[in-house]
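**Student:** Sharing a structure below in structure tokens format, with a few things to ask.
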Protein chains: 2
Amino acid sequence: MKLTILGCYSATPRALTNTTSQVLEINNHMFLIDCGEGTQIHLRKHKIKFNRIKHVFISHLHGDHFFGLVGLISTFRLLTREADLHIYGPEGIKEIVTLQMKLADSWTNYNLIFHELKSHNSELIFEDESVEVYTIPLDHRIYTNGFLFKEKEGERKLDINAVEDAHINLAYFRKLKQGFDVLNEDGDLVKNNTVTMPGAKPKSYAFCSDTTYKEDIVPIIDKVDVLYHESTFLEKHANLAPKTKHSTAKEAARIAKKANAGVLLLGHYSTRYDGLNAFKEEAKEIFDNVELCEDGKVFEF
Amino acid sequence: MKLTILGCYSATPRALTNTTSQVLEINNHMFLIDCGEGTQIHLRKHKIKFNRIKHVFISHLHGDHFFGLVGLISTFRLLTREADLHIYGPEGIKEIVTLQMKLADSWTNYNLIFHELKSHNSELIFEDESVEVYTIPLDHRIYTNGFLFKEKEGERKLDINAVEDAHINLAYFRKLKQGFDVLNEDGDLVKNNTVTMPGAKPKSYAFCSDTTYKEDIVPIIDKVDVLYHESTFLEKHANLAPKTKHSTAKEAARIAKKANAGVLLLGHYSTRYDGLNAFKEEAKEIFDNVELCEDGKVFEF
């Protein structure tokens, strides 16, 4: 699981700070999460192949999370993309994009498939053989979802010595990896767990931005390996957090602790602060394993 | 007259090339012309004060000319702008901006005044005591205007010796500068042109992008001091120009020559080419005074 932070600041893009966008590489998927203005340029800088992005998840319709989307869609068209592109985001997102395409007389030559979200409960919005994606209903000034990305239980690993000892034919290896009991060459049934071991532990990533402190999300993200939780403010501006429906670094840490997260990533910093260290320090008072997102940083888990 | 090129490439923003946007400083106005994605970031890099921009002119609704607009409007709001902002652009531009503001529940705290354009004839769209702005109807794949910015005839300069010799009271100096004849202290009428000289020659700037070669614009931009004309292609791709409704460098030069322009600025280059020198060389075969726009370049005229 590899997470590339294209941008992690709030409000407005500046010369040296980008607004929210991330690329999550998980089981051969490249998921784009949020798409602030200039995201396509940051994707290019990171040499992320546009064609590998097939799913875009937009948390909410504030500009710092989606003003780069229509440009990205338009660039994909100019580059003669053919692969389908799925957009998951709040109701209205389709109208915004299609209105601009209509007025530009520029329809995409690839399929653009919108999955508009309006539920206030967590729901499964994407699933294939290896990954599931759920919404995490957040509490912000407008309708907002976080997203939970979960690897599925992977294939079991063969215990090659045990498999040979049990006289199992090569033809059954695939079934064994999938967890089935199989017949051996002597016609006896071999219990799967006597010749296989569990595969790699499936990993999970939760993206929670933007939101005020909301304990309701804890059961949804319980034991998540990596939690990105917005931390717009430091303690000295804690009074602004509920007013603007954002969180402090400490609140992010409190959620991480309650959810028994593996590691907490902080981001969505207000640009009023000079450095980021205080975010980490304040969060670490509550939760130990804290990392700071920074534009361009790559995490591998 | 000062022109700052924020971006001058076509199609899509890239790591090292920006899409179209320019700032024209003329008689204390800061006019923003087109607004590709990322324009607000480039404005910040050039330390152009956001509050000085009160008028934005959008040529057409292709993304590389206006995808930065809604972000700019939104940033102005976050920075608690109070000054009115006038947007001049094709019909539909208001709907695009207001839909996004509605869905973000983010109305501007300043007046946002749209001037939607739909005429296919050149029209006066802005005028004050010192400047006039006219549309230049262009021929592109969708409805497109260029813009002609013209200083008005400035005040006349006093010939101080002649004024003293003519016994004109200080109280009449303002009238003299405005071109009126006045009475002197002896009660005689003094002809204005005997005691004043013409003021500085008014300057003009024409922005023509995007367009196919279109001679009809020549009378509108006749004797313009500075002509920016798009030159997407070199001669070796001349066949693409009419097909995509763009121009070659030579065609831009032909328009400059026919219009007796003072200087031709080239821009809106296709990113398929390695360098820009060939654009200048090809244009100079037809018109002598050619300059290349480059991102970040500042021209003073």
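The values are calculated or read from the model by the stated rules, or taken from the named source; none is laboratory data. Note that the structure is predicted; figures quoted are calculated from it, not measured. Counting neighbours? That spans all protein chains shown, and the Cβs are built from the backbone with ideal geometry, glycine included.
**Student:** I'm trying to understand the selection: among the residues of region B:63-86, which are charged (D, E, K, R) and touching a helix residue (DSSP H, G or I) at 6+ places or on another chain (Cβ under 9 Å)?
**Tutor:** B:Asp64, B:Arg77, B:Arg81, B:Glu82
**Student:** Only residues in region B:218-239 that are polar (S, T, N, Q) count as the first member; pair them with residues that are modelled with pLDDT under 95, Cβ under 7 angstrom, at least 6 apart or cross-chain, and list the lot.
**Tutor:** Taking only residues 6 or more apart or on different chains, the pairs are B:Thr232/B:Ser10.
**Student:** Here is a further query. Testing B:Thr108 on (1) among the β-branched types (Val, Ile, Thr); (2) more than 10 Å from chain A (Cβ to nearest Cβ); (3) closer than 27 Å to B:Thr211 by Cα, one condition comes back false. Which one is that?
**Tutor:** (3)
**Student:** Given the criteria surrounded by fewer than 20 Cβ atoms within 10 Å (Cβ to Cβ), touching a helix residue (DSSP H, G or I) at 6+ places or on another chain (Cβ under 9 Å), of a type in the set (Asp, Glu) and touching a residue at least 12 places away in the same chain (Cβ under 8 Å), does B:Glu215 qualify? Before the answer, list the steps.
**Tutor:** Numbers: surrounded by fewer than 20 Cβ atoms within 10 Å (Cβ to Cβ): yes; touching a helix residue (DSSP H, G or I) at 6+ places or on another chain (Cβ under 9 Å): yes; of a type in the set (Asp, Glu): yes; touching a residue at least 12 places away in the same chain (Cβ under 8 Å): yes.
So B:Glu215 passes the test.
**Student:** Another question, if that's okay. With the requirement that a residue be within 14 Å of chain B (Cβ to nearest Cβ) and surrounded by 13 or more Cβ atoms within 10 Å (Cβ to Cβ), what does region A:116-138 give you?
**Tutor:** Of everything in region A:116-138, those that are within 14 Å of chain B (Cβ to nearest Cβ) and surrounded by 13 or more Cβ atoms within 10 Å (Cβ to Cβ) turn out to be A:Glu116, A:Leu117.
**Student:** Tell me which residues, restricted to region B:51-67, are within 7 Å of chain A (Cβ to nearest Cβ) and outside any helix (DSSP H, G or I).
**Tutor:** Across region B:51-67, the qualifying residues are B:Leu61, B:His62, B:Phe67.
**Student:** Only one of (1) over 17 Å from the mean Cα position of the chain (by Cα); (2) on the phi < 0 side of the Ramachandran plot; (3) not basic (Lys, Arg) is not met by B:His60, so which one is it?
**Tutor:** (1)
**Student:** Next question, about the same structure. Of the residues B:Lys243, B:Lys250, only one is assigned to a helix (DSSP H, G or I) and either crowded, with 16+ Cβ neighbours inside 10 Å or touching a helix residue (DSSP H, G or I) at 6+ places or on another chain (Cβ under 9 Å) (or both); which?
**Tutor:** Exactly one residue qualifies, and that residue is B:Lys250.
**Student:** Also, I was wondering about something else. Please enumerate the residues belonging to region B:68-83 that are of a type in the set (Ser, Thr, Tyr) and at the interface with another protein chain (Cβ under 9 Å from one of its Cβ atoms).
**Tutor:** Selection gives B:Ser74, B:Thr75.
**Student:** Same structure again: Take region B:1-27 and flag every residue that is modelled with pLDDT under 95 and under 27 Å from B:Lys94 (Cβ atoms).
**Tutor:** B:Ser10, B:Ala11, B:Thr12, B:Pro13
**Student:** Could you identify the single residue in B:Ile113, B:Ile96, B:Ile48 that is buried (at least 16 other Cβ atoms within 10 Å of the Cβ) and more than 9 Å from chain A (Cβ to nearest Cβ)? Outline the logic, then answer.
**Tutor:** Values: B:Ile113 fails: buried (at least 16 other Cβ atoms within 10 Å of the Cβ); B:Ile96 fails: more than 9 Å from chain A (Cβ to nearest Cβ).
Checking each option against the conditions leaves just B:Ile48.
**Student:** If you don't mind, there's one more thing I want to ask. Going by the conditions given, is A:His140 in the same structural domain as A:Ser204 (by TED's automatic domain parsing) and either assigned to a strand (DSSP E or B) or of a type in the set (Asp, Glu) (or both)?
**Tutor:** Against the criterion (in the same structural domain as A:Ser204 (by TED's automatic domain parsing) and either assigned to a strand (DSSP E or B) or of a type in the set (Asp, Glu) (or both)), A:His140 does not qualify.
**Student:** Would you confirm whether or not region B:186-198 contains a residue that is loosely packed, with under 12 Cβ neighbours inside 10 Å, part of a helix (DSSP H, G or I), aliphatic (A, V, I, L, M) and not assigned by TED's automatic domain parsing to the domain that holds B:Ala252?
**Tutor:** no
**Student:** Still on this structure, I have one more. Could you check region B:1-15 and list, in sequence order, the residues that are surrounded by 23 or more Cβ atoms within 10 Å (Cβ to Cβ) and touching a helix residue (DSSP H, G or I) at 6+ places or on another chain (Cβ under 9 Å)?
**Tutor:** Residues satisfying the conditions are B:Leu6, B:Gly7, B:Tyr9, B:Ser10, B:Thr12, B:Pro13.
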